[in-house]
Amino acid sequence: PFLQNVITSKNFISGNFNTKFIDTNPDLLKFPKPQDRATKVLKFLANNIVNNPSGAKLENNMVLPPIRIPVVKYGERIPAGTKDILNRHGVKGVIDYIKQSKEVLFTDTTMRDAHQSLLATRLRTKDMLAIADAYAHHLNGLFSLEMWGGATFDVSYRFLKESPWERLRLLREKIPNILFQMLLRGSNAVGYTNYPDNVIKEFIRLASKNGIDIFRIFDCFNWVDQMTLAIEEVKKNDKIAEAAICYTGDILDPKKVKYSLKYYINLARELANAGTDIIGIKDMAGLLKPYAAKILVKAIKEETGLPLHFHTHDTSGNGEASVLMAIEAGADIVDCAISSMSGLTSQPNLNSILYALESTERRSSIDKKWAQNVSDYFERVRRYYFPFESGLKSATAEVYEHEIPGGQYSNLVVQVEATGLIDRWEDVRKMYAKVNKELGDIIKVTPSSKVVGDLAIFLVRNNFDIEDLYEKGDQLSLPESVISFFKGMLGQPYGGFPEKLQSIILKGDKPLKVRPGEMLPPYDFEKARSNLQKEYSREFSDEAVVSFALYPQVFKEYLNFVNEYGDGSVFDTKDYFYPLRKEEEIEVNIEEGKTLIIKYLGLSEPDEKGYRKVYFEFNGQARTVRIKDEK
Ligand code: 3PY
Ligand code: ZN
């Protein structure tokens, strides 16, 4: 902690003081009150009971299954994996390894896209760490783990009250042998808007330093200008750049001319010229039909000669067929999720595809028994997250109509629920398709997908239709994301903006024509750091400062929350999300060997100021916590 007291004073430590030092620096003897972590833990639980911020509830008779962690052969050395190739032979070593590999290589997306797509990104670090040894010791045949980026960064701070950096560091410690991969939204980093170039650079530097090896870089409009800076920066950090093509439309349909095979081939060439090490096909909604996958993969491989990494979502149920077709056409690496976290809006099933490839030339050496053990683990863990599931029970062909990305789907359901519109979820999906058409049939992936989603919800909530946008679009208080899109703040969509609608919504203001990152003044990191240090009287790391640069409000709310309630990551998942039930007793491990035993006894009615008293037994002693009832 950054406190100018005597034991942390630079002058004192370096011996640069005389006998008057203490007299002339009285502040140095002001020591902070030791943080009472136990009180924070009780406050956190009391707040859950009174305000239930996660919205998750367990009915009285509901039981969640105990978590079972498969036993790893401890004491044995962690076997070598792809990360060792990068460590020893650099990026070129990894690329050569991919090129000479006869096997299909697999990326496991369970810790990023799978839970983003199934559980509104809520999977907590604790539940990842518990299975990390199993990955390191037994699933070292995986090419990479996609475990960071996309929405995980924001959601960690916003909803899980834990640090995404800590997640990265802790997983890296436990899994030193498998390449770590993240999803980077080009000029939007891990946010929903463009950032100044120096923020993108600093973010990539720190992500690299903390353990990311492969950066899948995309732009929501496939605008290469918004990707080159990130590609170059990744390479400067001696990491692997995987520039990705976002797929939309249908190359098989001669009526859908906007996003043709030729369009994708040209794009692939541009990305190869921009210096990408691997080329990604990012089919974020799962629209790439199996036979189209075969054509596209083959064409792009021929055009670029680069290793190809294939990513899709199984929303339609055709995802596994697309993966197999992509493999057939020469895809080098494919994304899948562990069985119990796969399917629907998530990635296709890793375990099943391993069996599908058995006895073929491109069969994988990944340990199928351990893939099952890990699946068993997640099957139980997933149950704890049921409030965040989308409700989808089977694959749906409707995705070919609405085109909602898998990674947006479960988040959108939660957003729709929070707006009180869950009864009109079907209408929102239909409106999503209409809005897309009206915006010019854009590529929908974060953040452009958020624009479409926000506008669809806005229209449904207000009982408006598309015509209302034309008739009174200049008078409506449209979502910020929509205005920002029309202003050009997300970049230039392929094929341009729908100009009539744009001029109505911007009320005649001129939109940006150039890359927003060029216009934004560089971010002043040192000023941000010193402001934070002043406000919170402590030191802030580079990682914290860049988090603040990306998400100023969310990051501060996180800091304030942690000041008041402590770090959310200490709780088991049940106790983190769900209010305790009366008479329930739990254990909280606040650090190795330090366990609190807490029993919830009951609560009072609110007093005249709206505060309730929450009664606990804490390590055998009675304790009361006052909490404002915000409901
Ligand atoms: C994200 O950017 O979060 C995505 O998952 C895009 O598919
Ligand atoms: Zn995805």
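The values are calculated or read from the model by the stated rules, or taken from the named source; none is laboratory data. Here the structure is a predicted model, which means the values were calculated and not measured. Note that we place each Cβ from the backbone using ideal geometry, even for glycine, and neighbour counts take in every protein chain shown.
For the reader, a short list of remarks on this structure follows.
- Being in a loop (DSSP other than H, G, I, E, B), touching a helix residue (DSSP H, G or I) at 6+ places or on another chain (Cβ under 7 Å), more than 30 Å from Val413 (Cα to Cα) and not polar (S, T, N, Q) is a property that Ile78 has.
- Meets criteria (crowded, with 16+ Cβ neighbours inside 10 Å and within 16 Å of ligand 2 (Cβ to nearest atom)) for Leu412: yes
- Odd one out for Thr121 among (1) within 16 Å of ligand 1 (Cβ to nearest atom); (2) in a helix (DSSP H, G or I): (2)
- Any chance Val435 is crowded, with 16+ Cβ neighbours inside 10 Å, among the β-branched types (Val, Ile, Thr) and under 18 Å from Lys258 (Cβ atoms): yes
- Summed over the range 144-162, the residues that are more than 14 Å from ligand 2 (Cβ to nearest atom), closer than 13 Å to Ile175 by Cβ and of a type outside the set (Ser, Thr, Tyr) give a count of 1.
Matching residues to (1) of a type in the set (S, T, N, Q); (2) in contact with a His (Cβ under 9 Å, 6 or more places away or on another chain); (3) within 30 Å of Asp454 (Cβ to Cβ):
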{"site": "Tyr192", "(1), (2), (3)": "no, no, yes"}
{"site": "Ser208", "(1), (2), (3)": "yes, no, no"}
{"site": "Gly211", "(1), (2), (3)": "no, no, no"}
{"site": "Asp225", "(1), (2), (3)": "no, no, yes"}
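- Complete set of residues in the range 271-289 that are more than 16 Å from ligand 1 (Cβ to nearest atom) and within 27 Å of the chain's Cα centre (by Cα): Leu271, Ala272, Ala274, Gly275, Thr276, Asp277, Ile278, Ile279, Lys289
- Residue in the range 362-381 that is more than 17 Å from Thr121 (Cα to Cα), within 16 Å of ligand 1 (Cβ to nearest atom), buried (at least 22 other Cβ atoms within 10 Å of the Cβ) and not charged (D, E, K, R) present: no
- The number of residues in the range 393-409 being away from ligand 1 (no atom under 16 Å from the Cβ) and in a loop (DSSP other than H, G, I, E, B) comes to 6.
- Only one of Ser352, Ser322 that is in a helix (DSSP H, G or I) and either within 16 Å of ligand 2 (Cβ to nearest atom) or of a type in the set (A, V, I, L, M) (or both): Ser322
- Pairs with Cβ under 6 Å, 6+ apart, first in the range 379-401 and within 13 Å of Leu344 (Cβ to Cβ) and modelled with pLDDT under 95, second surrounded by 15 or more Cβ atoms within 10 Å (Cβ to Cβ) and hydroxyl-bearing (Ser, Thr, Tyr): Ser390/Tyr409; Ser390/Ser410
- Going through (1) in contact (Cβ under 8 Å) with a residue 12 or more places away in the chain; (2) surrounded by 12 or more Cβ atoms within 10 Å (Cβ to Cβ); (3) over 16 Å from Lys161 (Cβ atoms) one by one, Glu585 falls short only on (2).
- Evaluation of Val94 against (1) free of Cβ contacts under 8 Å to residues at least 60 places away in the same chain; (2) more than 18 Å from Pro164 (Cβ to Cβ) (one fails), failing number: (1)
- Residues of the range 44-102 that are among the aliphatic types (A, V, I, L, M) and over 17 Å from Tyr576 (Cβ atoms): Val63, Ile69, Val71, Val72, Ile78, Ala80, Ile85, Leu86, Val91, Val94, Ile95, Ile98.
- When residues of the range 295-312 are limited to those that are in contact with a Lys or Arg (Cβ under 9 Å, 6 or more places away or on another chain) and assigned to a loop (DSSP other than H, G, I, E, B), the one surrounded by the fewest Cβ atoms within 10 Å (Cβ to Cβ): Pro307
- Test: residue in the range 99-116 that is within 22 Å of the chain's Cα centre (by Cα) and either over 30 Å from Phe388 (Cα atoms) or part of a loop (DSSP other than H, G, I, E, B) (or both): yes
- Candidates are the residues of the range 256-290 that are more than 16 Å from ligand 2 (Cβ to nearest atom) and charged (D, E, K, R); the one that is surrounded by the fewest Cβ atoms within 10 Å (Cβ to Cβ) is Lys262.
This table checks each residue for (1) buried (at least 21 other Cβ atoms within 10 Å of the Cβ); (2) within 16 Å of ligand 1 (Cβ to nearest atom); (3) free of Cβ contacts under 8 Å to residues at least 60 places away in the same chain.
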{"residue": "Asp314", "(1), (2), (3)": "yes, yes, no"}
{"residue": "Ala326", "(1), (2), (3)": "yes, no, yes"}
{"residue": "Ser342", "(1), (2), (3)": "yes, yes, no"}
{"residue": "Tyr355", "(1), (2), (3)": "no, no, yes"}
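- One residue from Leu184, Leu171 being touching a Phe, Trp or Tyr at 6+ places or on another chain (Cβ under 6 Å) and modelled with pLDDT of 95 or more: Leu184
- Pairs where the first residue, in the range 490-507, is farther than 20 Å from Gly186 by Cα and the second is buried (at least 17 other Cβ atoms within 10 Å of the Cβ), C-beta under 6 Å, 6+ apart: Gln502/Phe486; Ile504/Gly473; Ile505/Gly473; Ile505/Phe486; Leu506/Phe486
- The range 433-453, residues that are within 23 Å of the chain's Cα centre (by Cα) and either small (Gly, Ala, Ser) or away from ligand 1 (no atom under 15 Å from the Cβ) (or both): Ser448, Ser449, Gly453
- Of the candidates Lys599, Lys487, the single residue that is free of Cβ contacts under 8 Å to residues at least 40 places away in the same chain and farther than 30 Å from Tyr263 by Cα is Lys599.
- Those residues of the range 543-584 which are assigned to a helix (DSSP H, G or I) and in contact with a strand residue (DSSP E or B) (Cβ under 7 Å, 6 or more places away or on another chain), in sequence order: Val570, Asp575
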